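The values are calculated or read from the model by the stated rules, or taken from the named source; none is laboratory data. Note that this is a predicted model, so its numbers are computed, not measured. Note that we place each Cβ from the backbone using ideal geometry, even for glycine, and neighbour counts take in every protein chain shown. Just the protein is used for accessible areas: all its heavy atoms, side chains included, with ligands, DNA and RNA removed. Shrake-Rupley method; radii C 1.70, N 1.55, O 1.52, S 1.80 Å.
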Amino acid sequence: MANAKPKMKLVKQAPAPKKIAEAKNVFGKKDLTGAEIVIQAMVDNGVDTIFGYPGGAVLPIYDALFQQKKIKHILVRHEQAALHAAEGYARSTGKVGCALVTSGPGATNAVTGLTDALLDSIPVICITGQVPTFLIGTDAFQEADTTGITRHCTKQNYLVRDVNKLSAIIHEAFHVAKSGRPGPVVIDLPKDVQFAPGSYTPPAKTDLTRYQPRTMPDMSKIEAAVEMIANAKKPIFYTGGGVINAGAEAAKLLTEFVRMTGYPCTSTLMGLGAYPMTDKQHLGMLGMHGTFEANWAMHDCDVMINIGARFDDRVTGRLDAFSPHSKKIHIDIDASSINKIVRADIGIVADATEALRAMIAVWKKKKYTPNASALKSWWKEIDGWRSVKCLNYKQSGNIIKPQYALEKLQAAINKDKRESFITTEVGQHQMWAAQFLKFDKPNHWMTSGGLGTMGYGFPAAIGAQIAHPNALVVDVAGDASILMNIQEMSTAVQYKLPVKIFILNNQWMGMVKQWQELLHGERYSSSYTESLPDFVKLAEAYGGIGMRAETPAELDKVIAEMMKTDKVTIVDVCVDQRENCFPMIPSGKAHNEMILSADAEKFDKTLV
Amino acid sequence: MVRKSLQDKISVYGAAPVSDPILSHTLAIIVDNEPGVLARVVGLFTGRGYNIESLTVAETDHTKKLSRITILCSGTVHIIEQIHHQLERLVPVHYVSNLTLEGAHIERELALMKVVGQKEKRIEALQIADSFRAKTVDTTLDSFVFELTGSPEKIDAFIDLMRPLGLIEVSRTGIAAMARGKKGI
């Protein structure tokens with residue numbers, strides 16, 4: 001039967017460790033326990049940092065951590081934050097992020113972070129402690145069916161009952177987490193297995209052949225795609241998180257190919273930064289709160305080149321009216337993404353780097369050139385949409401507009417010499433950040449796209465700051481979201497992390513309020529965040545720095561000061577409470593049915 | 001301020017999906033026989049709202065620890081294609097074959113059926129069992145247990161005939177399926 005009986009005996013009578021690989025292990029001894037194998041396997045997989053929170057069922061691993069110096073453990077204040085920090089670390093470095101949590105509540109608290117990583121395809125390994133094998137199934141203290149609970153929110157998970165299989169499982173977990181479409185992997189480790197002595201197999205000697213996703217494209221399809229691209233009259237590149245996940249080389253190749261063709265390019269929320277956003281060929285983000293020009297170009301294009309994006313409902317809007325006149329090329333590492341939502345005329349299963357490299361080679365070999373006159377009139381059309389200036393807003397008087405605050409933040413970042421990383425929470429501020437901040441490089445923008453997890457941004461910023469100690473890391477936050485993981489102030493203070501939390505404080509759950517205003521008859525049910533804390537005092541109470549801006553003049557001063565702080569800083573920017581996030585495609589509407597802000601220029605074809 | 005005209009134009013919900021005809025397809029899935037693999041496969045169906053009509057699983061290669069799962073699933077062409085790709089994505093899944101799409105194949109199922117009755121009904125049950133080539137695997141003075149192997153349709157037909165003759169219990173294995181011809185998985 002598929003559910004084989006647990007081999008409990010193997011654990012109890014663990015054989016004497018076989019010959020340990022000649023290479024010295026981090027503990028400088030011959031025999032390793034399960035807990036030590038965990039550390040050794042992580043070191044061998046290039047891990048230098050792990051985010052975690054101790055508890056009864058992981059004490060042996062914490063004991064092993066205490067006795068070595070290769071891996072730095074970052075103590076978070078909530079297990080959800082451990083996962084988000086690991087995600088921030090992973091996204092900002094391109095490496096696998098690691099978390100360590102205890103059984104029961106430790107594991108269940110990690111579930112949101114795991115699901116977030118699954119939906120955004122972030123490579124994360126989470127080790128969960130488990131009650132000893134002989135107590136599994138008895139409703140023991142802090143027991144939860146972790147592999148059962150996390151099966152739906154992981155790419156793969158394991159319950160390790162045999163210490164001699166542990167190292168191979170960890171090596172496979174790293175391989176699975178980062179290969180193909182990346183994702184989270186859970187390794188559930190009972191306490192007795194952590195104590196048991198066992199044999200260690202290094203990664204090079206582990207068989208990883210059972211999971212080998214396809215990365216090389218089908219060349220005949222690439223040739224057909226490039227021919228379609230070359231013959232296009234109204235083409236558009238639509239790129240997503242897959243290009244970021246494929247690595248910096250993919251972003252470089254994308255930029256090369258887009259420039260080679262002279263075609264417009266738009267990116268999803270997850271894909272921002274793969275193509276430089278300050279370049280004139282970039283139309284900004286598309287989708288529900290994307291730019292007018294990006295969405296209209298998607299709607300009117302004749303060839304759509306989707307690379308590493310998945311036709312999310314927040315991107316497509318109403319499906320039967322989605323880009324009705326276009327041929328669609330869809331390149332994705334995950335075969336199940338192709339034809340899942342939107343039928344592709346050419347579907348190519350491949351890694352974005354390999355697909356782009358192949359497309360550039362074919363374009364050069366066949367000496368293709370774009371249809372210059374068609375392209376010229378296409379850009380003219382796009383410039384018409386651009387002239388609407390859909391992101392216009394009016395900053396006047398003494399009330400700070402959120403968009404203005406972000407433009408000021410961007411200006412300060414531009415002047416700063418440090419490398420900068422931006423994370424966000426979820427809501428209006430997130431959409432404004434995607435609209436107003438500019439990313440010219442991949443891996444510098446981290447946001448919860450798929451799951452939309454409030455509370456993501458601050459721990460993710462901590463992860464990014466740990467990975468890049470000298471960088472400028474800013475979490476653009478909302479007043480409601482930030483409270484979901486505010487306890488991480490302690491983590492930031494403990495490790496002297498100068499993360500900046502830039503709160504656009506409108507005292508509302510802004511996006512909830514916006515939907516209630518537009519769709520629920522202005523009945524603001526439970527969306528006013530009453531009894532907000534004094535964020536300045538809150539920061540100080542944790543041992544950080546707090547400051548507040550209530551007027552545009554104060555904003556300049558506060559941002560200038562924030563850039564200089566050397567410890568965690570909350571900047572409480574009191575913004576216009578009535579401001580809504582536009583443009584907006586309401587649910588169930590098409591790309592050409594966007595609602596524009598009253599401050600945008602008039603466009604006669606819109607419904608507004 | 002709300003522009004009232006907007007409220008007529010925008011809806012809270014997205015457009016409903018278009019409906020296509022529902023088909024039944026038989027998938028053969030070769031998986032590593034490891035803990036949780038069946039839960040992962042079945043969980044994929046429940047999690048994504050796909051339908052399973054029949055499921056059979058057993059280890060088929062004891063040395064390599066491989067199991068074969070046979071699933072009869074239903075959905076639109078598009079959904080069945082998605083099921084196929086989603087299954088292939090799972091780490092312990094080695095191979096997925098859509099037997100319905102790949103040409104002629106055989107489907108067989110085994111059923112045990114208990115029929116309780118006396119006199120003419122008993123004789124008639126026995127005669128029908130004989131014409132279906134069902135085996136009588138247990139007999140008492142007032143009951144039979146029949147064993148029947150065949151296509152699911154044949155078993156359905158047999159059950160329908162037995163119902164008025166005192167059928168009280170049915171146990172079915174679900175289908176085992178294989179492509180015709182020399183090509184193997």
Accessible area (Å², per residue) of chain A, counting only protein heavy atoms and a probe of 1.4 Å: 38 Å²
So what is the 222 nm mean residue ellipticity for chain A from helices alone, if each DSSP H run of at least 4 adds -39500 (n - 2.57) and you divide by all residues, rounding to the nearest 500 deg cm²/dmol? -11000 deg cm²/dmol
Restricting to Cα pairs below 8 Å that are 6+ residues apart, what does the relative contact order work out to for chain A? Please round to a whole percent. 14 percent
Mean other chain Cβ within 10 Å across A:153-164 is 2
Counting sequence-distant residues (5 or more places) and residues on other chains, those with an amide H built under 5 Å from that of A:GLN130 are A:LEU189, A:LYS191
For the pairing of chain B with chain A, what total accessible surface becomes buried, with a 1.4 angstrom probe, in square angstrom to the nearest 100? 3300 Å²
List the residues whose amide H sits under 5 Å from the amide H of A:ILE570, counting only those 5 or more places along or on another chain, with H placed 1.01 Å from N in the peptide plane. A:ILE501, A:ILE545, A:GLY546, A:MET547
Any chance you could check the range A:313-346 for residues losing 50 Å² or more of accessible area when the partner protein chains are in, compared with the chain on its own (1.4 Å probe)? A:SER336, A:LYS340
Amide H contacts under 5 Å for A:GLN507, restricted to residues at least 5 apart in sequence or on another chain and with H modeled in the peptide plane, are A:ASP479
Per-residue average of other protein chain Cβ atoms inside 10 Å, peptide A:588-597 -> 2
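For the range A:178-236, count the residues as N, evaluate 2.2 N^0.38 Å, and divide the Cα radius of gyration by that value, please.
The value comes to 2.13.
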Using θ = phi - 60° and the Karplus form 6.51 cos²θ - 1.76 cosθ + 1.60, what ³J(HN,Hα) does each residue of the range A:327-332 get, whole Hz, x for Gly and Pro? 8, 10, 9, 10, 10, 8
What shape does the range A:233-290 have by the C-alpha gyration tensor, where a ≥ b ≥ c are the square roots of the eigenvalues, rounded means a/c under 1.5, and otherwise prolate means a/b greater than b/c and oblate the rest? oblate
Can you work out the Karplus-derived ³J(HN,Hα) for every residue in the range A:360-370? Use 6.51 cos²θ - 1.76 cosθ + 1.60 with θ = phi - 60°, whole Hz, and x for glycine or proline. 5, 4, 5, 4, 6, 4, 8, 6, 5, 9, x
Of every hundred units of 1.4 Å-probe accessible area on the range A:122-164, the number belonging to carbon and sulfur atoms, as a percent, is 55 percent
Could you give the angle, 0 to 90 degrees to the nearest 10, between helix A:552-562's Cα long axis and the longest principal axis of the Cα atoms of chain A? 30 degrees
Kirkwood Rh and Cα Rg combined as Rg/Rh, the range A:219-386: 0.92
Rounded tilt (10° steps) of B:37-47 against the dominant C-alpha axis of chain B: 60 degrees
What order do you get for A:316-326, A:72-82, A:302-312, A:235-245 when each peptide is scored by the mean count of other beta carbon atoms within 10 Å, highest first? A:235-245, A:302-312, A:72-82, A:316-326
Leaving out ligands and nucleic acids, and using a 1.4 Å probe, what accessible area per residue does chain B come to in Å²? 56 Å²
Pairs over 18 Å Cα to Cα, from A:LYS408/A:LYS496; A:LYS415/A:LYS438; A:LYS280/A:LYS389; A:LYS221/A:LYS376, come to A:LYS408/A:LYS496; A:LYS221/A:LYS376
quick shape note, chain A: Cα extents on principal axes in Å, largest first -> 78, 62, 45
Vicinal HN-Hα couplings computed from phi for the range B:144-152 (Karplus, 6.51 cos²θ - 1.76 cosθ + 1.60; Hz; Gly/Pro x): 10, 10, 9, 10, 10, 10, x, 5, x
Cut-off under 16 Å on the C-alpha distance; same-chain residues fewer than 8 positions from A:LYS367 excluded. Which aspartates and glutamates are left, in chain and number order? A:GLU223, A:GLU227, A:GLU256
Just report the Cα centroid separation between the range A:71-138 and the range A:400-454, whole Å. 25 Å
